[in-house]
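Student: Once you've had a glance at the structure underneath, I'll fire off some questions.
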Number of protein chains: 2
Amino acid sequence: MSGYDDVESAFWEYERALQSNDLEVLDRLVAPGPDTLLGDDAGILVGHDAIRAFRHARDGVPRRVVEAVEIRLIPDAAALVVAITAPATGGRGQQTQLWNLIGGSWRVAATHVSQPAPAVNGSVWRTVGTPLVAASVAGVLSGETVAVKDLYDVAGFPVGAGIPAWLAEAAPATEHSPAVAALIAAGADIVGIAQTDEFAYSIAGRNPHYGTPPNPAVLGGVPGGSSSGPTSAVALGQASIGLGTDTAGSVRIPASYQGLWGLRSTHGAVSRERLIALAPTFDAVGWLTRSAATVSAAAEATLDMSRQIDAAPDYVVAPALLAHCEPDVRAAFEAFAGDAFDTVELGDIDELFLTFRTVQSAEAWRTHGPWIEAHPGALGDDVAGRFAFAATITAEQEAAGRTALSAARRTLDSVLGDRVLLVPTASSTAPSVFAGPEHTERTRQGTLRLTCIAGLTGRPALSAPLLSAPQPGALLPAPVGLGLVGPRFSDVALVNLATQLVR
Amino acid sequence: MSGYDDVESAFWEYERALQSNDLEVLDRLVAPGPDTLLGDDAGILVGHDAIRAFRHARDGVPRRVVEAVEIRLIPDAAALVVAITAPATGGRGQQTQLWNLIGGSWRVAATHVSQPAPAVNGSVWRTVGTPLVAASVAGVLSGETVAVKDLYDVAGFPVGAGIPAWLAEAAPATEHSPAVAALIAAGADIVGIAQTDEFAYSIAGRNPHYGTPPNPAVLGGVPGGSSSGPTSAVALGQASIGLGTDTAGSVRIPASYQGLWGLRSTHGAVSRERLIALAPTFDAVGWLTRSAATVSAAAEATLDMSRQIDAAPDYVVAPALLAHCEPDVRAAFEAFAGDAFDTVELGDIDELFLTFRTVQSAEAWRTHGPWIEAHPGALGDDVAGRFAFAATITAEQEAAGRTALSAARRTLDSVLGDRVLLVPTASSTAPSVFAGPEHTERTRQGTLRLTCIAGLTGRPALSAPLLSAPQPGALLPAPVGLGLVGPRFSDVALVNLATQLVR
């Protein structure tokens, strides 16, 4: 059982099992133990169990034929098999497999799979150019490439808002939204228009029409939303600046899930003209980048710098917020923070969140309710359900919510003052796309309690990719964003502060 | 010299050599002999010499850091090294290497490299959507995806013609070119606008502004042009139909180089409205696909089928054309054709080509000369030189050329009649991007002598991916197109005939 023919037979048995998604055969042929590797364009899974779980959750592999097989035998020990695959959809792929002779049988100890890239990843992007809009002048952002969330006007193109029925009725924009124009005026190219959760009313990044963008930092993790497309575009290296929006965390949460810098600007500091609203009291422009320097430059190019203020490294933490975090995120934050910072009491966190949610819901329904009622079936279940709840908010509830909002603002401003709140950006690392509803809802509720503080106060908030948590089944840890919520108009200062926080 | 630490040291030595493009170290660390493998998204190189030649021709690899390394030791024999790489431009890649212990030293016997995909490959595409234009109705082409050569009007988008200076002055098209509209009306989606050689005046597919699209069938081979973008898009699986143009072979040649079906339609059978011309006497619409069924369906959806005629399997070959082929292509054709077919004399092939070239040149200059003179420096050297030659054609030469063209048509029509000429599509397999000017020019001259027969007669011509030639340094042979030149309006019949020619 150790010759060339045996390896070749094992290869073909494995290939047939892949094509027929015969999980029993696959489980048997994959080498047991924690050292087995399966890598593809999404990342590398480590260990038989992680590979098995992944294969049992998915629906099999695309149809393909094997065009060539090369075998390099390492006598009585192992063999490398390299195959050229031809997917039914065209192009060519490569499989590289290390087979080990284990107890007299050939087992796959490592696999590296390459598949041909699509013209464009439609879960990330709606329209892409090379570039779509070229910078008109040179500037500090020359060479930077922007993925624009599909809520902003880009001249010449319609806005889709993550909803095909909305897109179908949209006329091409006649001019750029100011937040888009500011980046172009500073020298950046617009690469394309990137996907969003429907009407930006989700933090998961799972668009039912266009698919779920990949999260290259967490295997099988959701990208986070609602600025899912711009975030994944930047994390994948397909753009250097994501232009997003943040109502309840839609810039900060995907930044945290994917290990990027994400800055929610001070409410009202950047014009929201020619931008699809969700809840105007909370809606804010934001940016996602791989580097602190780039997020700072994007913010400086867009903000009225004469209004920006400095911020001192005068940090506080709110233990009541940490109680809403998953253990791994809490541990990562506490390992970072130790007892180095003063603590503050923000009040009843659940009450704060309910206040936020009441006003957000009322405004979201006012903004989009008429269109939704005129387009039954246009939304997926998740966002449709959220709007259905929003529709139930009465005028009395909204009025009470606005009163509570004013009070919450006064209280939070009084407690926080000019200090900077440190908080995990999200309550968890990126949940798996296969996670059950209980985990998804618990982490969502936790995260929104963390992110609503900036929304309630209109304060700028940064997610800095400075923390991490163990990622079972992967070679690298999962990113955890460190959140900084600063005084209004301290946007750029927050980035500078964060760069000094690396420990 | 056989432990984990030694493998790790060797890995890092190799990685440093890759990053510094230290060819001497790379040559030493790559296992000698013909079995060594190097695979990446472009394909798989086989043998130390092929890998060495490739590395000496290129400029090194993009800057990256290694984020994780896993080593699986096969004691005293080999080791597998798997690394996660982080390119400076974002995203993550994977390296898988098999190291063999050869004469006491570790050598790389196989490598599989994955790099993150760009948002869109700008050498292939200019603008891409998901889709860019959706089909308005269901039809026989439902599910098909079209790459439109950047010469055709696509409503809402400017035409670039492969030239940034032209694009900069272009207004968005107000309606689709008829050849585009026909595919949409039959149910196809338009994926995007794909690159072309400047003004379609080349057969190489090397655009100096946008780069050279990859040829997934020939490692390091040019894609062929001028319909380079649509062809590579289809070969890569990024579209299923390439909509091209063919003046002197611009559909058939890239089809031959990349192993696709390529059909040049009967001259005048498809409207050329809203399509940038080159030489109207010869310009023809054409399609590129991976399957015979799809090219046939695209043609049927576009052509006036009431004018189409049948064609009998009444084949002839022209030995004088074979004399212009490289030995490998000639051998592939002769192995296929044997002595099964009647031979014909087409006359002096050089004279025929000169006649074609004179009229083509005169028309090309008439079409684009004024714009070129008004935009010095807008074209790359190769196409600029071709236009500079075209500008030298005098009115007397053109008049003589047109007289000779009429005579050539009569002669060729008389010789060929209703029969179908079999001929290699191109004189060579795809030349290497690193090929010297002598090889490039010789194969170009040979190929144009083969392709001009259809141009001179206005006949439809098909390139069918039925032949191949050895490809040293690769696991698969290089494709060679079998050309079929049929009676005018036998376009669809040629595809049917070719499907019966497979031997």
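Student: If you go through the stretch B:275-307 one residue at a time, how many are farther than 30 Å from A:Thr89 by Cα, more than 24 Å from the chain's Cα centre (by Cα) and touching a residue at least 60 places away in the same chain (Cβ under 8 Å)?
Tutor: The qualifying residues number 1.
Student: Check whether at least one residue in the stretch A:478-494 is of a type in the set (D, E, K, R), closer than 20 Å to A:Gln308 by Cβ and touching a Lys or Arg at 6+ places or on another chain (Cβ under 8 Å), and report yes or no.
Tutor: yes
Student: Which condition breaks for B:Ile102 when tested against (1) surrounded by fewer than 20 Cβ atoms within 10 Å (Cβ to Cβ); (2) within 26 Å of B:Gly47 (Cα to Cα); (3) modelled with pLDDT of 95 or more?
Tutor: So B:Ile102 meets the others, but not (3).
Student: Something else now. Could you list, in sequence order, all residues of the stretch B:405-428 that are part of a loop (DSSP other than H, G, I, E, B) and among the acidic types (Asp, Glu)?
Tutor: Correct list: B:Asp418 only.
Student: Could you count how many residues in the stretch A:208-238 are part of a helix (DSSP H, G or I), within 14 Å of chain B (Cβ to nearest Cβ) and under 8 Å from the mean Cα position of the chain (by Cα)?
Tutor: Going through the stretch A:208-238 one residue at a time, the tally reaches 3.
Student: Here is a list: A:Asp418, A:Asp413. Which entry is surrounded by fewer than 23 Cβ atoms within 10 Å (Cβ to Cβ), in contact (Cβ under 8 Å) with a residue 12 or more places away in the chain, within 25 Å of A:Trp287 (Cα to Cα) and touching a Pro at 6+ places or on another chain (Cβ under 7 Å)?
Tutor: So the residue among A:Asp418, A:Asp413 that is surrounded by fewer than 23 Cβ atoms within 10 Å (Cβ to Cβ), in contact (Cβ under 8 Å) with a residue 12 or more places away in the chain, within 25 Å of A:Trp287 (Cα to Cα) and touching a Pro at 6+ places or on another chain (Cβ under 7 Å) is A:Asp418.
Student: Additional query: Quick one: count up the residues across the stretch A:49-84 that are loosely packed, with under 15 Cβ neighbours inside 10 Å, over 17 Å from B:Leu475 (Cβ atoms), in contact with a strand residue (DSSP E or B) (Cβ under 8 Å, 6 or more places away or on another chain) and within 11 Å of chain B (Cβ to nearest Cβ).
Tutor: Result for the stretch A:49-84: 2.
Student: Let me ask something else. State yes or no: is A:Ala430 crowded, with 24+ Cβ neighbours inside 10 Å, farther than 20 Å from A:Ser296 by Cα, touching a helix residue (DSSP H, G or I) at 6+ places or on another chain (Cβ under 6 Å) and touching a residue at least 40 places away in the same chain (Cβ under 8 Å)?
Tutor: yes
Student: A further question on this structure: Of these, A:Gly205, A:Gly221, which one is within 26 Å of A:Ala57 (Cα to Cα) and in contact with a strand residue (DSSP E or B) (Cβ under 8 Å, 6 or more places away or on another chain)?
Tutor: Answer to the selection: A:Gly221.
Student: Just to be sure, is A:Pro32 over 23 Å from B:Glu70 (Cβ atoms), surrounded by fewer than 20 Cβ atoms within 10 Å (Cβ to Cβ) and either within 33 Å of the chain's Cα centre (by Cα) or within 14 Å of chain B (Cβ to nearest Cβ) (or both)?
Tutor: No, not satisfied.
One line per residue, one yes/no per condition, for (1) over 19 Å from B:Val120 (Cβ atoms); (2) β-branched (Val, Ile, Thr):
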position	(1), (2)
B:Thr196	no, yes
B:Ala200	yes, no
B:Ile203	yes, yes
B:Asn207	no, no
B:Thr212	no, yes
B:Val218	yes, yes
B:Val222	yes, yes
B:Gly225	yes, no
B:Ser232	no, no
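Student: With (1) without any contact (Cβ under 8 Å) to a residue 24 or more places away in the chain; (2) in contact with a Lys or Arg (Cβ under 7 Å, 6 or more places away or on another chain) as the list, and A:Glu438 as the residue in question, which single condition is left unmet?
Tutor: Checking A:Glu438 against (1) without any contact (Cβ under 8 Å) to a residue 24 or more places away in the chain; (2) in contact with a Lys or Arg (Cβ under 7 Å, 6 or more places away or on another chain), the one that fails is (2).
Student: Determine the pairs where a residue that is closer than 22 Å to A:Ala435 by Cα, located within the stretch A:187-213, has a partner that is of a type in the set (Lys, Arg) and assigned to a loop (DSSP other than H, G, I, E, B) with Cβ atoms under 6 Å apart, the partner being 6 or more residues away or on another chain.
Tutor: Within 6 Å, the pairs are A:Thr212/A:Arg206.
Student: Does any residue of the stretch A:435-447 turn out to be in a strand (DSSP E or B) and either among the polar types (S, T, N, Q) or crowded, with 18+ Cβ neighbours inside 10 Å (or both)?
Tutor: The answer is no, given that none of the residues of the stretch A:435-447 is in a strand (DSSP E or B) and either among the polar types (S, T, N, Q) or crowded, with 18+ Cβ neighbours inside 10 Å (or both).
Student: Step by step: first the residues of the stretch A:125-177, then only those that are of a type in the set (Ser, Thr, Tyr), away from chain B (no Cβ under 13 Å) and assigned to a loop (DSSP other than H, G, I, E, B), then the one that is surrounded by the most Cβ atoms within 10 Å (Cβ to Cβ). Which residue is that?
Tutor: Here the answer is A:Ser177.
Student: Residue check: is B:Gly249 in contact (Cβ under 8 Å) with a residue 24 or more places away in the chain and in a strand (DSSP E or B)?
Tutor: Criteria not met by B:Gly249.
Student: Can you go through B:Arg264, B:Arg330, B:Arg272, B:Arg252 and tell me which one is away from every other protein chain (no Cβ under 14 Å), in contact with a helix residue (DSSP H, G or I) (Cβ under 9 Å, 6 or more places away or on another chain), modelled with pLDDT of 95 or more and farther than 19 Å from B:Gly455 by Cβ?
Tutor: After applying the criteria, what remains is B:Arg330.
Student: OK, next. Quick test for you: out of A:Thr394, A:Thr411, pick the one residue that is more than 30 Å from A:Pro213 (Cα to Cα), in the same structural domain as A:Ser490 (by TED's automatic domain parsing) and in contact with a Gly (Cβ under 9 Å, 6 or more places away or on another chain).
Tutor: A:Thr411
Student: Would you point out the residue of the stretch B:96-124, among those that are free of Cβ contacts under 8 Å to residues at least 60 places away in the same chain and within 30 Å of B:Asp76 (Cβ to Cβ), that is farthest from the other protein chains (Cβ to nearest Cβ)?
Tutor: B:Gly103
Student: Moving on. Quick one: how many residues across the stretch A:388-404 are under 29 Å from the mean Cα position of the chain (by Cα), assigned to a helix (DSSP H, G or I) and surrounded by fewer than 21 Cβ atoms within 10 Å (Cβ to Cβ)?
Tutor: Result for the stretch A:388-404: 2.
Student: While we're on this one: Hey, could you check the stretch B:178-207 for residues that are of a type in the set (Val, Ile, Thr) and crowded, with 24+ Cβ neighbours inside 10 Å and say which is farthest from the other protein chains (Cβ to nearest Cβ)?
Tutor: The selected residue is B:Ile203.
Student: Among the helices (runs of 4 or more DSSP H) lying completely within the stretch A:294-383, list those that include at least 3 residues that are among the aromatic types (Phe, Trp, Tyr) and either loosely packed, with under 13 Cβ neighbours inside 10 Å or assigned by TED's automatic domain parsing to the domain that holds A:Pro431 (or both).
Tutor: A:349-374
The values are calculated or read from the model by the stated rules, or taken from the named source; none is laboratory data. Given the structure is predicted, the values throughout are model-derived calculations rather than measurements. FYI the Cβ positions are ideal-geometry reconstructions off the backbone, even for glycines, and counts take in every protein chain you see.
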